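Enquirer: Quick one: this structure, given as structure tokens, is what I'll be asking you about.
The values are calculated or read from the model by the stated rules, or taken from the named source; none is laboratory data. No experiment lies behind these values; they were computed from the predicted model shown. For neighbour counting, all protein chains shown are included, and Cβ atoms are generated from backbone atoms with ideal geometry for every residue, glycine included. With ligands, DNA and RNA removed, areas are computed over all heavy atoms of the protein, side chains included. Shrake-Rupley method; radii C 1.70, N 1.55, O 1.52, S 1.80 Å.
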Amino acid sequence: MKAVSNVLIVGGGIGGLCSAIALRRKGIEVDLVELKSEWTVYGVGIIQQCNVIREMARLGVLDGYLGAAFPFEDVALYTSDGTTLARIPGQRLAGPDYPANVGISRLALHNVLSQTAEKLGTHIRLGLSVDRFEQDADGVDVQFTDGTQGRYGLVVGADGLFSKVRQLLFGDTYQPRHTGQAVWRHNFKRAPQIDHLANFHGPDGNAGLCPLADDLMYLYLTSYEPGNPWMEPDSLAEEMRKRLGAFSGLIGELREQITDSSQVVYKPMEVVFVSEPWFRGRVLLIGDAAHATTPHLGQGAGMAIEDAVVLGELMGEQGATPIQVLLERFMKRRYERCKFISESSILAGDKEIARDHDFDRVGLVRQMLAVTAEPI
Ligand SMILES: Cc1cc2nc3c(=O)[nH]c(=O)nc-3n(C[C@H](O)[C@H](O)[C@H](O)COP(=O)(O)OP(=O)(O)OC[C@H]3O[C@@H](n4cnc5c(N)ncnc54)[C@H](O)[C@@H]3O)c2cc1C
């Protein structure tokens, strides 16, 4: 008998939806509960690099969103005035017909993932979470927050940085930590030269431009924010402009167009890493619930997506293998890779805070691209 024939996924973000798609494609019954009753995502973009394109193609969703994404090849690093430090060509890991990388709006990505998960037969309930669960050798009995119940062969906690499932499994052992930095984002009309991912080194933080569509790109900026201060919503445009003060060239020109605070998305950087197996019995954490990191290497969602693909593969090939063995195999394929991304991203931020301008950021990006190009 199969160890797992039905799965509950808690959380309908990128990791949860990709897990639903991967598991449904292997014929496994999937229930998904999402806390938000209105399933919206905030309207900025996300970078999906070579390894992610490969896995999105394997999940069968890439064709669905290429029309809504901006395909690009290279990642470039510049000084704060726009002098080129390095231009790293992308690798077409999904095959010659697919781009190396894409930039895509989070909403477009969410629409493709949620529609695919639904079309494949995932049972989705919104405005709901897990209240508690109890497990025995054969399954997990789940009590939902609306009083309903279910029994599952596997429960997947894909409920992000402030994961309730992580809390139910590990208590207060793992708490999100503010790294000292924050990210500022703002959409602009795409400049013609931004046909690649462009990172600019500033004295106190990095700025970058990512193309999202023919007429859209977004600007991101990392800044040192000791003590994680509260930002008045009305002051965001002015505060973002201030922090871009040292940039000239294109970033300097764009800075002057940041005048409407409602168009600025501000987010403190918070991280967590579960440094022991991400499962207990038949309950497993994936994505940010297990390994939320900073966006310096643009790989957080990438790691959540890879988790989902590996989970789908293992559950599809399970035969009569016991669940403990399957989840140990999952950890073997995921732990070191996610730890590398997590630690390297945090290191890049720590070096910005320390104003260590000798830090070899280009080398780190090259290493990240080499590591993530390896098969999962
Ligand atoms: C500023 C910033 C920029 C980033 N840029 C990039 C990038 O360019 N590329 C990249 O790859 N990554 C990027 N990331 C990282 C990426 O956003 C995350 O790693 C990714 O969203 C993690 O996906 P997830 O599904 O694990 O968690 P989430 O996306 O957080 O999804 C969790 C879901 O669970 C739901 N939920 C929460 N609690 C419960 C509960 N108790 N019950 C039920 N549901 C619940 C939430 O509502 C949400 O829908 C960035 C992150 C930040 C902060």
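Enquirer: Could you please let me know if L254 is within 16 Å of the ligand (Cβ to nearest atom), modelled with pLDDT of 95 or more and on the phi < 0 side of the Ramachandran plot?
Expert: In short, no.
Enquirer: Can you tell which of L32, L8 is more than 10 Å from the ligand (Cβ to nearest atom) and open to solvent by less than 10 Å² (accessible area, probe 1.4 Å)?
Expert: Just one listed residue meets the conditions, L8.
Enquirer: Pairs only if they're at least six apart or on different chains, beta carbon under 7 angstrom, first in region 71-86 and closer than 25 Å to N51 by Cβ, second part of a loop (DSSP other than H, G, I, E, B) and of a type in the set (A, V, I, L, M, F, W, C); list them, first residue then second.
Expert: E73/A100
Enquirer: Here are the criteria: (1) buried (at least 16 other Cβ atoms within 10 Å of the Cβ); (2) in contact (Cβ under 8 Å) with a residue 60 or more places away in the chain; (3) touching a Lys or Arg at 6+ places or on another chain (Cβ under 7 Å); (4) not β-branched (V, I, T). Tell me which single one L311 does not satisfy.
Expert: (3)
Enquirer: Continuing with this model, one more query. Could we say that M240 is in a loop (DSSP other than H, G, I, E, B) and either open to solvent by less than 50 Å² (accessible area, probe 1.4 Å) or closer than 21 Å to S80 by Cβ (or both) here?
Expert: no
Enquirer: Go through (1) in a strand (DSSP E or B); (2) within 13 Å of the ligand (Cβ to nearest atom); (3) surrounded by fewer than 17 Cβ atoms within 10 Å (Cβ to Cβ) for Q167 and report which single condition fails.
Expert: (1)
Enquirer: Identify, from the list V265, V310, V283, the residue that is more than 9 Å from the ligand (Cβ to nearest atom) and closer than 25 Å to Q175 by Cβ.
Expert: None of the others qualify; the one that does is V283.
Enquirer: Does G302 satisfy being surrounded by fewer than 17 Cβ atoms within 10 Å (Cβ to Cβ) and not charged (D, E, K, R)?
Expert: No; evaluated as a whole, the condition is false for this residue.
Enquirer: Also: Every residue in region 327-346 that is within 15 Å of T294 (Cα to Cα) and open to solvent by less than 20 Å² (accessible area, probe 1.4 Å), please.
Expert: C338, I341, S342, S344, S345, listed by residue number.
Enquirer: When region 184-212 is examined, which residues are found to be in a loop (DSSP other than H, G, I, E, B) and either modelled with pLDDT of 95 or more or small (G, A, S) (or both)?
Expert: K189, R190, A191, P192, Q193, I194, D195, H196, G202, G205, listed by residue number.
One line per residue, one yes/no per condition, for (1) within 11 Å of the ligand (Cβ to nearest atom); (2) open to solvent by 60 Å² or more (accessible area, probe 1.4 Å); (3) within 30 Å of N187 (Cα to Cα); (4) assigned to a loop (DSSP other than H, G, I, E, B):
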| position | (1), (2), (3), (4) |
| --- | --- |
| V102 | yes, no, yes, no |
| L107 | no, yes, yes, no |
| A117 | no, no, yes, no |
| R125 | yes, yes, no, no |
| R132 | no, yes, no, no |
| D141 | no, yes, no, no |
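Enquirer: Quickly run through region 150-164 and pick out the residues that are within 9 Å of the ligand (Cβ to nearest atom) and among the hydrophobic types (A, V, I, L, M, F, W, C).
Expert: Once the filter is applied, which keeps residues that are within 9 Å of the ligand (Cβ to nearest atom) and among the hydrophobic types (A, V, I, L, M, F, W, C), region 150-164 yields A158, L161, F162.
Enquirer: If the Cβ limit is 7 Å and pairs must be 6+ apart or interchain, which residue in region 180-195 that is on the phi > 0 side of the Ramachandran plot pairs with which residue that is in a strand (DSSP E or B) and within 16 Å of the ligand (Cβ to nearest atom)?
Expert: Short answer, once both residue conditions are applied: G180/Y224.
Enquirer: Additional query: Would you check which residues across region 148-164 are of a type in the set (S, T, Y) and crowded, with 22+ Cβ neighbours inside 10 Å and list them?
Expert: Y152, S163
Enquirer: Something else: Considering every residue within region 290-300, establish whether at least one is in a helix (DSSP H, G or I), within 13 Å of the ligand (Cβ to nearest atom) and out of contact with any Ser or Thr (no Cβ under 6 Å at 6 or more places or on another chain).
Expert: Checking region 290-300: at least one residue is in a helix (DSSP H, G or I), within 13 Å of the ligand (Cβ to nearest atom) and out of contact with any Ser or Thr (no Cβ under 6 Å at 6 or more places or on another chain).
Enquirer: Still on this structure: Out of (1) in a loop (DSSP other than H, G, I, E, B); (2) touching a residue at least 12 places away in the same chain (Cβ under 8 Å), the odd one out for D31 is which?
Expert: (1)
Enquirer: Among what's in region 190-201 and is touching a Lys or Arg at 6+ places or on another chain (Cβ under 9 Å) and open to solvent by 10 Å² or more (accessible area, probe 1.4 Å), pick the residue that is farthest from D81 (Cα to Cα).
Expert: Among them, the one singled out is N199.
Enquirer: Also, I was wondering about something else. Which one is farthest from Q318 (Cα to Cα) among residues in region 347-361 that are part of a helix (DSSP H, G or I), touching a residue at least 40 places away in the same chain (Cβ under 8 Å) and open to solvent by 30 Å² or more (accessible area, probe 1.4 Å)?
Expert: Checking each candidate, the answer is I353.
Enquirer: Something else now. Can you say whether I88 is within 11 Å of the ligand (Cβ to nearest atom), closer than 21 Å to L209 by Cβ and not polar (S, T, N, Q), as far as the supplied structure shows?
Expert: no
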